[in-house]
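Reviewing the structure listed below.
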Amino acid sequence: MAFTAKPYCSTPTKPPTLSARAPRSAHGLSAAAAATPSTVRLRAFAQRIRAQSQQQQQRRRRPEYVPHRIDDPNYVRIFDTTLRDGEQSPGATMTSAEKLVVARQLARLGVDIIEAGFPASSPDDLDAVRSIAIEVGNPVEEGAHVPVICGLSRCNKRDIDAAWEAVRNARRPRIHTFIATSEIHMQHKLRKTPEQVVAIAKEMVAYARSLGCPDVEFSPEDAGRSNREFLYHILEEVIKAGATTLNIPDTVGYTLPYEFGKLIADIKANTPGIENAIISTHCQNDLGLATANTLAGARAGARQLEVTINGIGERAGNASLEEVVMAIKCRGELLDGLYTGINSQHITLTSKMVQEHSGLHVQPHKAIVGANAFAHESGIHQDGMLKYKGTYEIISPDDIGLTRANEFGIVLGKLSGRHAVRSKLVELGYEISDKEFEDFFKRYKEVAEKKKRVTDEDIEALLSDEIFQPKVIWSLADVQATCGTLGLSTATVKLIAPDGEEKIGCSVGTGPVDAAYKAVDQIIQIPTVLREYGMTSVTEGIDAIATTRVVVTGDVTNNSKHALTGQSFNRSFSGSGAAMDIVVSSVRAYLSALNKMCSFAGAAKASSEVPESASVQRTE
């Protein structure tokens, strides 16, 4: 079977690279980065696809804007209604200043039409739309993209007057007017007959044109549940009245993709005069089908797609701009070669800006812009990503302007395998033996089971605690402590002696750490003095790893002599430990210092027992 799937939809991945800090080794990323013949062929294929895509983009420039037609039949206009429908989300109200900032960013993103608001709803909204029309709807510099600025209105003169007042100063103004056409809306909401609705629609579209507005969009609200023949009729009449765009809303998100696609195709085939207007879609997400319905509409002939950033909007929201645009960019060959004028590298910034100003944050698993959209925690996926990013990413994060801290998007967690963890160590600059790695990996898994994500700082703390420690004489088996306001703190500690015997000590103290240290002293029975004790949180959050550092001194029998003065001094020994439990972290640090002390005492004792002749022999 011939290979036809592209490794990336647009920009292909680069071969894996290593951190400059880390030397190459026979294991870790260097082995993963080795180019196999199949990988080389895949990369070459990706480069050809990218070259073809770039050539295609050079040929496909945004057509000159004409309200009622698009000279390139494959071009799709993007109508962004974040500032109007998106702002209708509960709690998403933005100030006029915030709307202006978002509108400027939407222009940089390259949207064709910005629906800036509903001017008749309030004087503040009218002022906000007017500001956007003046500042965003006019060219700032020669050759810069200038979007159409649109204001929404109901089918009445007051609303239309307000909309025209708000947008008239834009270089390309548009009035968008609507009236319901489904039986349920006409009967229960409007309480008007179909004939009355058609008459109002015709009159108001004509009135909008009479004000001097050359671009009028008409929406039959709840078109997804409207009678087809009635739709054809009312759309024909508003085209005659001067409508340049016919927006077909699935107002309650009721239709399925094949239904909505057929609706658009039927309107295109059965509406007289449709060649003199642009068909548009507006899909709500009540059944989670807004993006699918929008794409179905585009494939059926719609050449304007109404969307919002992050999919925000009334109830369950709207079709998401980033999802629709990237689907067209990624699967354009299956959508009859459709393309947009969106600069997708502005998607991430725009998404974050809208989240910040609207207060509506996207869920981590949101397509394209969610925090997890380009993150990989599964061990199998991480292994594939390290070998070739195209194995589990169909879109390059660069395409949406996303810069991630890790080139491969790897997030270490409890599902991460040895390959990913060892690669992270190499990336951080650590080369350890296989035995040391297995010891470290066991500790890593213990932490990962309790902590959602393991950061670079966590890794380094665990390395210091597990690998870069003195020779183990006494090791920690278990520790249990109790404390509180109802009595003395107590601790029970189980240590493993140098001969492998388990020894248990119990003690009380002024706190759980003091009690645990006294229990350790009971077992080891080496006179020590705790000189310094410090604890820091490696990362933020309640599940952070705690790193403890202690300094202890022993008795006078372990005195050392200063190399220059020859005077004796009491040698100090430091130790460090890391764990998510502060008592465990503290005991690990204390044992680390005591093991250093024991090693020093053992070496000193051995040195004092060396025969004089042997000592002389070594100095010759």
Mind checking whether some residue in region 126-141 is of a type in the set (A, V, I, L, M), within 16 Å of Cys213 (Cβ to Cβ) and assigned to a strand (DSSP E or B)? no
Only unsatisfied item for Asn169, checking (1) open to solvent by 40 Å² or more (accessible area, probe 1.4 Å); (2) in a helix (DSSP H, G or I), is (2)
Is there a residue being touching a residue at least 60 places away in the same chain (Cβ under 8 Å), under 25 Å from Arg61 (Cβ atoms) and surrounded by 18 or more Cβ atoms within 10 Å (Cβ to Cβ) anywhere in region 288-297? no
Please work out which residue is surrounded by the most Cβ atoms within 10 Å (Cβ to Cβ), limiting yourself to region 128-163 and to residues that are in contact with a helix residue (DSSP H, G or I) (Cβ under 9 Å, 6 or more places away or on another chain) and among the polar types (S, T, N, Q). Ser153
Single match in Ala319, Ala373 (criterion: among the small types (Gly, Ala, Ser) and modelled with pLDDT of 90 or more): Ala319
When residues of region 195-239 are limited to those that are in a helix (DSSP H, G or I) and hydroxyl-bearing (Ser, Thr, Tyr), the one least open to solvent (accessible area, probe 1.4 Å): Tyr232
When the residues of region 399-454 are narrowed to those that are polar (S, T, N, Q) and modelled with pLDDT under 70, which ends up least open to solvent (accessible area, probe 1.4 Å)? Asn406
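Here is a yes/no grid of residues against (1) open to solvent by less than 80 Å² (accessible area, probe 1.4 Å); (2) at pLDDT 95 or above:
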residue	(1), (2)
Ala44	yes, no
Gln52	no, no
Gln55	no, no
Arg61	no, no
Tyr65	yes, yes
His68	yes, yes
Phe79	yes, yes
Ile114	yes, yes
Ser121	yes, no
If I filter region 78-90 for residues that are under 19 Å from Thr281 (Cα atoms), outside any strand (DSSP E or B) and free of Cβ contacts under 8 Å to residues at least 60 places away in the same chain, do I get at least one hit? yes
For Glu87, are the conditions met, namely being out of contact with any Gly (no Cβ under 9 Å at 6 or more places or on another chain), surrounded by 15 or more Cβ atoms within 10 Å (Cβ to Cβ) and under 18 Å from Gly359 (Cβ atoms)? no
Which one of these is under 24 Å from the mean Cα position of the chain (by Cα), surrounded by fewer than 24 Cβ atoms within 10 Å (Cβ to Cβ) and assigned by the TED database to the domain that holds Ala103: Glu306, Glu323? Glu323
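The values are calculated or read from the model by the stated rules, or taken from the named source; none is laboratory data. Computed from a prediction, not measured in an experiment: that's the story for all the values here. Neighbour counts run over all protein chains shown; Cβ positions are idealised from the backbone, glycine included. All accessible areas refer to the heavy atoms of the entire protein, side chains included, with ligands and DNA or RNA removed. Shrake-Rupley method; radii C 1.70, N 1.55, O 1.52, S 1.80 Å.
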